[in-house]
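Single-structure report; data block below.
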């Protein structure tokens with residue numbers, strides 16, 4: 001391939017440098033104004049992954065890479081660090097946290113690798129005294145729940161088998177029903193409303209745990225269910241529209257019938 005057609009890392013940096021110097025929007029950006037945009041790009045990347053959209057994945061990875069370079073560019077302007085520092089730091093971290101590859105540590109499976117990783121993270125310090133410290137507080141709650149459980153597992157705080165976890169799911173489900181019954185008898189009691197919320201949270205946490213024991217990503221599973229619901233509901237809306245009606249014109253029984261029709265079509 002000719003050099004003029006080669007889109008290298010360095011050329012991308014050159015474009016970013018030029019935009020930072022000449023574009024009014026790029027000139028105004030800070031690490032704080034970029035934060036929400038970065039979160040959005042990460043969600044778009046997650047959507048591409050969930051959809052097995054390789055072209056979309058390529059595009060979204062480019063967008064995320066742009067944000068990484070942008071943050072490093074701003075940091076360089078403020079004499080904090082450079083993109084080379086970022087690359088060297090992650091290279092050194094990978095070597096340090098893989099002593100079974102770059103050292104003389106012996107491991108037998110991936111679980112030992114994970115435990116060693118967590119122990120090494122604690123030894124690094126950085127003000128972290130808990131294995132849970134590495135779980136960002138701003139993570140989506142379902143992802144956060146799974147990561148907390150995975151972290152706790154590395155120090156042995158773990159159920160023995162999935163049957164025990166399912167028993168916990170059933171226990172939490174019963175506690176939800178009990179809390180609902182108590183609230184129904186006293187619907188104006190705000191403390192009982194909060195108690196229902198707490199029990200629902202416990203139930204969701206236990207369901208996430210059960211999914212983890214089945215090697216299922218609960219966030220991915222829910223994302224696929226959401227997508228399936230959207231596709232079926234929109235197909236139902238289309239059928240109703242083709243009949244010259246609005247959804248609000250139909251009784252629930254009529255909508256249920258169309259829903260079953262859509263479902264049986266394989267959507």
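List the number of the failed condition for residue 57; all other conditions in (1) over 26 Å from the mean Cα position of the chain (by Cα); (2) part of a helix (DSSP H, G or I) hold.
With (1) over 26 Å from the mean Cα position of the chain (by Cα); (2) part of a helix (DSSP H, G or I) applied to residue 57, the lone miss is (1).
Condition first: exposed (fewer than 14 other Cβ atoms within 10 Å of the Cβ) and either under 24 Å from the mean Cα position of the chain (by Cα) or in a helix (DSSP H, G or I) (or both). Now tell me which residues in the range 97-111 satisfy that.
Result: 101, 102, 110, 111.
Within the range 234-252, can you find the residues that are in contact (Cβ under 8 Å) with a residue 12 or more places away in the chain and under 20 Å from residue 50 (Cβ atoms)?
Step one: filter the range 234-252 for residues in contact (Cβ under 8 Å) with a residue 12 or more places away in the chain, giving 235-236, 239-240.
Passing the criteria: only 235.
Here is a list: 81, 70. Which entry is more than 21 Å from the chain's Cα centre (by Cα), surrounded by 13 or more Cβ atoms within 10 Å (Cβ to Cβ) and assigned to a helix (DSSP H, G or I)?
So the residue among 81, 70 that is more than 21 Å from the chain's Cα centre (by Cα), surrounded by 13 or more Cβ atoms within 10 Å (Cβ to Cβ) and assigned to a helix (DSSP H, G or I) is 70.
Give the residues of the range 21-42 that are touching a residue at least 24 places away in the same chain (Cβ under 8 Å) and in a loop (DSSP other than H, G, I, E, B), sorted by residue number.
If the condition is that a residue be touching a residue at least 24 places away in the same chain (Cβ under 8 Å) and in a loop (DSSP other than H, G, I, E, B), then 29, 30 are the ones that fit.
Taking residue 106 as the residue in question, decide whether it is outside the structural domain of residue 90 (by TED's automatic domain parsing), at pLDDT below 95 and closer than 30 Å to residue 42 by Cβ.
No.
I'd like to know if the range 5-14 contains one or more residues that are at pLDDT below 95, under 30 Å from residue 219 (Cα atoms) and not in a helix (DSSP H, G or I).
Our first condition is that a residue be at pLDDT below 95; within the range 5-14, this holds for 5-14.
Applying the additional criterion that residues be under 30 Å from residue 219 (Cα atoms) yields none.
Scanning the range 5-14 turns up no residue that is at pLDDT below 95, under 30 Å from residue 219 (Cα atoms) and not in a helix (DSSP H, G or I).
Quickly run through the range 19-29 and pick out the residues that are surrounded by 10 or more Cβ atoms within 10 Å (Cβ to Cβ) and in contact with a helix residue (DSSP H, G or I) (Cβ under 9 Å, 6 or more places away or on another chain).
19, 20, 26, 27, 29
The values are calculated or read from the model by the stated rules, or taken from the named source; none is laboratory data. Not measured: the values here are computed from a predicted model. Note: ideal-geometry Cβ built from the backbone for every residue, glycine included; neighbour counts use all protein chains shown.
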